[in-house]
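Trainee: Structure in structure tokens, see below.
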Amino acid sequence: MQIYRLFVDVPLAAGACFALPPSQAHYVRCVVRLRHGDGIVLFNGVDGEWHATIALVNKKEATVQVQHQTRPQSPTGTVDVYFAPLKAARNEYAVQKMVEMGARSITPVKTQHTQSPHVNMDKLHTYCVEAAEQCGILSLPHLHAPTTLQHVLDVWPATHILVFCDESAPTVPLLTRLAEVPKHQQLALLIGPEGGFSVQERAQLHAHPAIFPISLGPRILRADTALVAALAALQLTHGDV
């Protein structure tokens, strides 16, 4: 029998009993059709993963009873991601992949060529939760409010390296290039918009002392594809893989 996972924004401990919010109660009642006594897995990003049972379910509500912990809380990721928001489904895909691949934090960054300057943070949070529920992830990345590329560069600490996917960088094997960075160096990844960075932005990036340009090879990749390729490489060399 399939066991469903739900992210809940409440403390989890053996014996805890609480009502699910309306949207999740509807999901339990009408979508997966759980009944009294059925099992469900809960996590909140802090207390690990817990097995619970449906204590009450009716037309108006669903209540769960927490039983025992199934997994302890996992540590957060090690790579922070700064990305220029994309359009609709591409944006959803990008955020889901950041969660699946262990991003520690996600920050939308507005650039001159950003396709979607308005960022719906509630939707980003929903994408994060859905990816975590589906992939067995316990630690959700921290979502930061949208900012601008200029502000990111202005406040960036000199002790942190900001990896920049640069189409004009020398084509050096990616893992070889990243091996130049000390193992315990704090890294973040910057992914630009579909249209690329402007001439002015590129000049600012190359002039910044914390920028570490990398090449993703001879092919021109879409922004969401570049994100997956670069984040996978960072996880292999400096992450938790």
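The values are calculated or read from the model by the stated rules, or taken from the named source; none is laboratory data. Since we're looking at a predicted model, the values are computed, not measured. Glycine also receives a Cβ, built like all others from the backbone with ideal geometry; neighbour counts cover every protein chain displayed. With ligands, DNA and RNA removed, areas are computed over all heavy atoms of the protein, side chains included. Shrake-Rupley method; radii C 1.70, N 1.55, O 1.52, S 1.80 Å.
Trainee: Of all residues in the stretch 204-223, count the ones that are open to solvent by 60 Å² or more (accessible area, probe 1.4 Å) and either at pLDDT 90 or above or among the basic types (Lys, Arg) (or both).
Mentor: Residues flagged as open to solvent by 60 Å² or more (accessible area, probe 1.4 Å) and either at pLDDT 90 or above or among the basic types (Lys, Arg) (or both) within the stretch 204-223 amount to 5.
Trainee: Report those strands (runs of 3 or more DSSP E) wholly inside the stretch 4-47 carrying at least 2 residues which are under 14 Å from Gly136 (Cα atoms) and out of contact with any Pro (no Cβ under 9 Å at 6 or more places or on another chain).
Mentor: Working: elements: 5-7, 17-19, 39-43.
Where strands (runs of 3 or more DSSP E) fall fully within the stretch 4-47 and carry at least 2 residues being under 14 Å from Gly136 (Cα atoms) and out of contact with any Pro (no Cβ under 9 Å at 6 or more places or on another chain), they are 5-7, 39-43.
Trainee: Determine the pairs where a residue that is more than 19 Å from His142 (Cβ to Cβ), located within the stretch 84-96, has a partner that is open to solvent by less than 70 Å² (accessible area, probe 1.4 Å) with Cβ atoms under 7 Å apart, the partner being 6 or more residues away or on another chain.
Mentor: Within 7 Å, the pairs are Leu86/Ala94; Leu86/Ser116; Leu86/Glu194; Leu86/Ala223; Leu86/Asp224; Lys87/Ser116; Arg90/Asp224; Tyr93/Asp224.
Trainee: For the stretch 46-57, name all the residues that are touching a helix residue (DSSP H, G or I) at 6+ places or on another chain (Cβ under 8 Å) and open to solvent by 20 Å² or more (accessible area, probe 1.4 Å). Talk me through it step by step, then tell me what you get.
Mentor: Step one: of the stretch 46-57, the residues touching a helix residue (DSSP H, G or I) at 6+ places or on another chain (Cβ under 8 Å) are 54, 57.
Val57 - this is the single residue of the stretch 46-57 that is touching a helix residue (DSSP H, G or I) at 6+ places or on another chain (Cβ under 8 Å) and open to solvent by 20 Å² or more (accessible area, probe 1.4 Å).
Trainee: Every residue in the stretch 169-199 that is in contact (Cβ under 8 Å) with a residue 60 or more places away in the chain, open to solvent by 50 Å² or more (accessible area, probe 1.4 Å) and of a type in the set (A, V, I, L, M), please.
Mentor: Leu175
Trainee: I'd like to know if the stretch 158-168 contains one or more residues that are free of Cβ contacts under 8 Å to residues at least 60 places away in the same chain, more than 18 Å from the chain's Cα centre (by Cα), more than 26 Å from Ser116 (Cβ to Cβ) and part of a strand (DSSP E or B).
Mentor: yes
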